[in-house]
Amino acid sequence: QALSTLSLKKSRLIFTVTSLTIAVGSFMGVYAVFDSLTTGLDTFFNTFNIDIGVFPNEGRNPDELVSILEKHFKTEENPIIDTIEPGFQLQVEFADYEPTISIGGPPGIFAYGYDITSSEPAFNFTIDKGESITPETAATGLILSDTLAADMGVEVGDRLTLEVPGNSAEFTVVGISEFPISQVWIDWRT
């Protein structure tokens, strides 16, 4: 009986098929947006090889912080902490580069410092072009995300002036990592 009704009123069939096509297309579009967002967030959060970050309000000697953490949280009876890795994060700028304003908010480039000699560094990421920072390049080498490198128009081997409040230094791009947001990795001591 339903087929008989559809054959008599062909315009209903056209409207039904059109409505279903629009509904399926909308679903696929929403799914693609959420999948892309989830993949980007997973990539970002999976680079952090830490469970807890300690960020003191005032600059402290790292050895002092490590001894406090080991004293209270890394005892033989109750080893809450497996390893302690130094690191930092700081918003930075580059000379002669103005980041583009994004939908996510004001532009900001974060530099993440990690122990380049550690077997369990605070950040896990891949180097797609160039190489990782070595002890020889630690003082003046940095790794850029591919989005930042593309926006700045730089490649491996180019020199950049990194600026923080009250200081600036010249660095060489030693590596580029495929990463969804604009950020920089350097040796934590630098």
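The values are calculated or read from the model by the stated rules, or taken from the named source; none is laboratory data. From a predicted model like this one, the values you see are computed outputs, not experimental measurements. Please note: Cβ atoms are built from the backbone with ideal geometry, for glycine as well, and neighbour counts cover all protein chains shown. Side chains included, ligands, DNA and RNA excluded: accessible areas come from the protein's heavy atoms. Shrake-Rupley method; radii C 1.70, N 1.55, O 1.52, S 1.80 Å.
In table form, for the structure just shown:
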{"read-out": "Positions within the stretch 128-146 being open to solvent by 50 Å² or more (accessible area, probe 1.4 Å) and either touching a residue at least 60 places away in the same chain (Cβ under 8 Å) or part of a loop (DSSP other than H, G, I, E, B) (or both), in sequence order", "value": "Asp128, Glu131, Ser132, Pro135, Glu136, Ala139, Thr140"}
{"read-out": "Ala149 being open to solvent by 60 Å² or more (accessible area, probe 1.4 Å), among the small types (Gly, Ala, Ser) and modelled with pLDDT of 90 or more", "value": "no"}
{"read-out": "Condition check for Ser67: out of contact with any Lys or Arg (no Cβ under 7 Å at 6 or more places or on another chain), open to solvent by less than 90 Å² (accessible area, probe 1.4 Å), more than 26 Å from Ile181 (Cβ to Cβ) and among the polar types (S, T, N, Q)", "value": "yes"}
{"read-out": "Number of the exception - Pro180 against (1) more than 24 Å from Phe55 (Cα to Cα); (2) modelled with pLDDT of 90 or more", "value": "(2)"}
{"read-out": "Test: residue in the stretch 156-164 that is out of contact with any Cys (no Cβ under 7 Å at 6 or more places or on another chain), among the acidic types (Asp, Glu), open to solvent by 40 Å² or more (accessible area, probe 1.4 Å) and modelled with pLDDT of 90 or more", "value": "yes"}
